Amino acid sequence: GRGFEEFEPPAVRDAVDGPLGWPGYDDQRARATDRSGADESVLCGRAQVGERSAVLVAFDFAYLGGSVGEAAGARIVAAFERARELRLPVISLVASGGSRMQEGICALRQLQEIARACLLARREGIAHITVLRNPTTGGMWAALSAAADVVLAEPGAAVAFGGSRVRSAADTGEAFSAEGKLDDGQVDRIVGPAELPSVLADLVRLLQPQQSPEPAPVPKSQASAEPPATGWEAVQRARAADRPRAQSYLDAYFTTRFEISGDRVGGRDEGMLCGFGEHEGRTIAYAAQTGTANTPAGFRTAARLIRLADQLDIPVLTLVDTPGAANDAAAEQAAIGPAIAEVFTAVADAETPITTLVIGEGGSGGALALASPDRTWITADAYFAVIAPESSAAILKRDQAEVPDLATHLQLRPQDLLNHSFVQGLAP
């Protein structure tokens, strides 16, 4: 950040040795100030981040391990209140061991105040970007960072609810690291120090759009212009290895993109690309299927993206391309049904415009969940069906030789979908 302007810290009543009268606490704080040069574990203010301003909440681990007591908690809450007043996004740079032991329950209850401050900002469409530094443990992970809209982490950072001194010595390894949290869908991206300023500048610009939401324009298709003659031809064209996939559309459409990763509850699906991009100076959110059978994690990530875009008044573009949702034992155990339901609900509940382009296979409910009810287009190399023709044959106990005829009966071609008013048109 450039031109940092520190906020005036809120007044907090402080008794000798703190609210618990902890022996030697005042001396500990004095030594922490001498060591760090700071008067508290948190510094809050306004700064220029790239082209835009943001509110910063920066932790100093050198001051009592970045722990949070009454004064630090009050500063964090006040910073979120200022962000709401100024209509600016919040960037929290966290390095903390958690709640301050010397202030006991008075420190612990700050987690409730911080969580409420985050919620109030979210309700008003204020974006919160957090950076997990080394270490981020305890209450600041649970109440502040884990609730952020976008979670970045520095390489090798220790990230866990329980710090290394309070958990079993056997509990070590990647599960307690930033990299492990990325694999488990709890972190969006690992960002090194050199890259961090530009990434934050992009995010502040993308998540603080200056225009009111409008429907996302339909990307121009790279597919063949002529629609397929038969249903089976439509299926074959959608499955062709050389047709454009989601990555090609996104690369061609957006000048800048930031991808969010993971469903925040333990999973990632590389077959569902979600994030925010810039198109002709406007921010547009996207959720794009890549032609695979999406897992519960993929659907939950898409639902997370749509809810966040709606919160920030950013229009959404969805690209549909899946043979259908994953239906194996692992998917069932991970709650594929409720995960798809989350997407249906997010789309139905969204007030921001959602636009859909079907670019390949539109396989049943796993595809329909991402489709806009009233703004869906389709390319000439795509289809949409209640079920795949092969599965239809299996259910009807038909020979596989009849699959092409069943594809025709399903009326799944782009022009059929237009006739049934499922799509608004064929993308040129």
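The values are calculated or read from the model by the stated rules, or taken from the named source; none is laboratory data. No experiment lies behind these values; they were computed from the predicted model shown. For neighbour counting, all protein chains shown are included, and Cβ atoms are generated from backbone atoms with ideal geometry for every residue, glycine included. Side chains are part of the model used for accessible areas, which takes the heavy atoms of the whole protein and leaves out ligands, DNA and RNA. Shrake-Rupley method; radii C 1.70, N 1.55, O 1.52, S 1.80 Å.
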For the stretch 306-366, state the semi-axes of the equivalent ellipsoid (square roots of 5 times the eigenvalues of the alpha-carbon gyration tensor), sorted largest first and rounded to whole angstrom.
23, 16, 7
Accessible area of the chain divided out per residue, in Å², using a probe of 1.4 angstrom
43
Whenever you get a sec, compute what percent of the accessible area on the chain sits on carbon and sulfur atoms (1.4 Å probe).
51
Along its principal axes, what span do the Cα atoms of the chain show, with the longest given first and each in whole Å?
84, 47, 34
Beyond 18 Å, the calculated P(r) of the stretch 244-322 holds a percent of Cα-Cα pairs equal to 35
Counting only protein heavy atoms and leaving out ligands, DNA and RNA, the solvent-accessible surface of residue 67 at a 1.4 Å probe, in Å² to the nearest 10, equals 10
Kindly sort 144, 20 by accessible area of their heavy atoms, largest first, with the probe set to 1.4 Å.
20, 144
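Compare 321, 269, 184 by solvent-accessible area with a 1.4 Å probe and give them largest first, with all protein chains kept in place.
Largest accessible area first, the residues go 184, 269, 321.
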For the stretch 83-168, place one equal point scatterer on every Cα, skip the solvent, and apply the Debye formula. What is log10 of I(q)/I(0) at q = 0.10, 0.18, 0.22, 0.26 Å⁻¹?
-0.26, -0.78, -1.05, -1.26
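Given a Förster distance of 45 angstrom, what is the FRET efficiency for residue 341 paired with residue 13, based on the Cβ-Cβ distance and rounded to 0.05?
On the way: r = 49 Å, r/R0 = 1.08.
FRET efficiency, residue 341 to residue 13: 0.40.
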Return the distance in nm (one decimal) between the two label points of a simple spin-label model at residue 38 and residue 241, each offset 7 Å from Cα along Cα→Cβ.
5.5
Looking at the stretch 20-124 from every direction and averaging, what is the projected area of its Cα convex hull in nm²?
6.7
About the Cα centre of the chain, what is the dipole size in debye to 20, counting +1 per Lys and Arg Cβ and -1 per Asp and Glu Cβ, all else neutral?
380
Using the Kirkwood radius over Cα pairs, work out the Stokes-Einstein diffusion coefficient for the stretch 244-387 at 20 °C and 1.002 mPa s, in µm²/s as a whole number.
146
Which whole-angstrom value gives the distance between the alpha carbon centres of the stretch 270-322 and the stretch 94-158?
26
